[in-house]
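Single-structure report; data block below.
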Amino acid sequence: MQNKATDLFSSWAKKGKDEGMAEAHSPAVNKILDRILVGRESDFDFIDAGCGNGWVVRKVNSNPLCKKACGVDGAQSMIENARAIDPAGEYHLADLLTWKPKNKAEIIFSMEVFYYFENPDILTKHIVDNWMKDGGTLIIGLDHYIGNPDSYSWSEDLNVHMTLKNEQDWIQIFENAGLSNCESFKVNVSDKFAGTLVIKGDLNP
């Protein structure tokens, strides 16, 4: 029987592994955020889907155009760590498939989360319908995808479900959820790494 990803990450957070995850993901995350924030002129609200210990929320909250950034995660210890680091921040312990924000946001971000869901199309549609403002953007980063063979064993290695899809599959999921201008690109490609796959789409641009 496979473990729940939220239980796995909660156990990691208790061991302090959340800091290492943040450090490992930061090069890709920084480039993804630059893609949507550099040159932006209008203010925005921001939601991090699967926020871990909240480091991206805190980073984005420091942007002068950010009205409010919040995070949501299903791993209890991750949210506990986020609240301990940033007591004034907004962090929600909830199932991403059912949680709805009080106010929709212009930017929805997620890093290394969507493929843990058996039906990422359902998650994407839920986010588009309930989290996003018209004109908003959904952007996600993925290291587990067809095209990065180093990631193919992760599900078995960790004994958790992971949905393995290719670049076009993910674009199709975004389009099926009602997003436009859907595109994909990769960041941090090197001789040793196929790169983080980034999928981006807009709602009623």
Name the residue that is surrounded by the fewest Cβ atoms within 10 Å (Cβ to Cβ), counting only residues in the range 73-121 that are over 15 Å from the mean Cα position of the chain (by Cα) and under 21 Å from residue 182 (Cα atoms).
119
Residue pairs meeting the criteria (Cβ under 6 Å; at least 6 apart or on separate chains; first on the phi > 0 side of the Ramachandran plot, in the range 46-57; second charged (D, E, K, R) and in a strand (DSSP E or B))
50/73
Extreme residue, farthest from residue 109 (Cα to Cα), among residues of the range 1-43 that are among the small types (Gly, Ala, Ser) and assigned to a loop (DSSP other than H, G, I, E, B):
16
Unmet criterion (only one of (1) more than 23 Å from residue 23 (Cβ to Cβ); (2) part of a loop (DSSP other than H, G, I, E, B)) for residue 92:
(2)
Could you please give the count of residues in the range 122-180 that are within 21 Å of residue 68 (Cα to Cα) and in contact with a helix residue (DSSP H, G or I) (Cβ under 8 Å, 6 or more places away or on another chain)?
4
Considering only residues that are surrounded by fewer than 18 Cβ atoms within 10 Å (Cβ to Cβ), touching a Ser or Thr at 6+ places or on another chain (Cβ under 9 Å) and farther than 19 Å from residue 125 by Cβ, which ones fall in the range 189-205?
189, 194
Given the condition of a type in the set (Asp, Glu), modelled with pLDDT of 95 or more, under 25 Å from residue 197 (Cβ atoms) and surrounded by fewer than 23 Cβ atoms within 10 Å (Cβ to Cβ), answer yes or no: does some residue in the range 48-68 qualify?
no
Failed condition for residue 185, given (1) under 18 Å from the mean Cα position of the chain (by Cα); (2) surrounded by 18 or more Cβ atoms within 10 Å (Cβ to Cβ):
(2)
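If you check 166, 148, 176, 130, which single one turns out to be loosely packed, with under 15 Cβ neighbours inside 10 Å, touching a residue at least 40 places away in the same chain (Cβ under 8 Å) and out of contact with any His (no Cβ under 9 Å at 6 or more places or on another chain)?
Working: 166 fails: touching a residue at least 40 places away in the same chain (Cβ under 8 Å); 148 fails: loosely packed, with under 15 Cβ neighbours inside 10 Å; 130 fails: touching a residue at least 40 places away in the same chain (Cβ under 8 Å).
Being loosely packed, with under 15 Cβ neighbours inside 10 Å, touching a residue at least 40 places away in the same chain (Cβ under 8 Å) and out of contact with any His (no Cβ under 9 Å at 6 or more places or on another chain) holds for just one of 166, 148, 176, 130, which is 176.
Kindly provide the set of residues from the range 129-153 that are of a type in the set (A, V, I, L, M, F, W, C) and within 18 Å of the chain's Cα centre (by Cα), ordered by number. Before you say what the answer is, go through the steps one by one.
Kept after step one, since they are of a type in the set (A, V, I, L, M, F, W, C), are these residues of the range 129-153: 131-132, 138-140, 142, 146.
Residues satisfying the conditions are 131, 132, 138, 139, 140, 142.
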Only one residue in 88, 75 is free of Cβ contacts under 8 Å to residues at least 40 places away in the same chain and among the small types (Gly, Ala, Ser), so which one is that?
88
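The values are calculated or read from the model by the stated rules, or taken from the named source; none is laboratory data. Here the structure is a predicted model, which is why all the values come from computation and not from measurement. Heads up, the Cβs are rebuilt from the backbone with ideal geometry, glycines too, and the neighbour counts pull from every protein chain shown.
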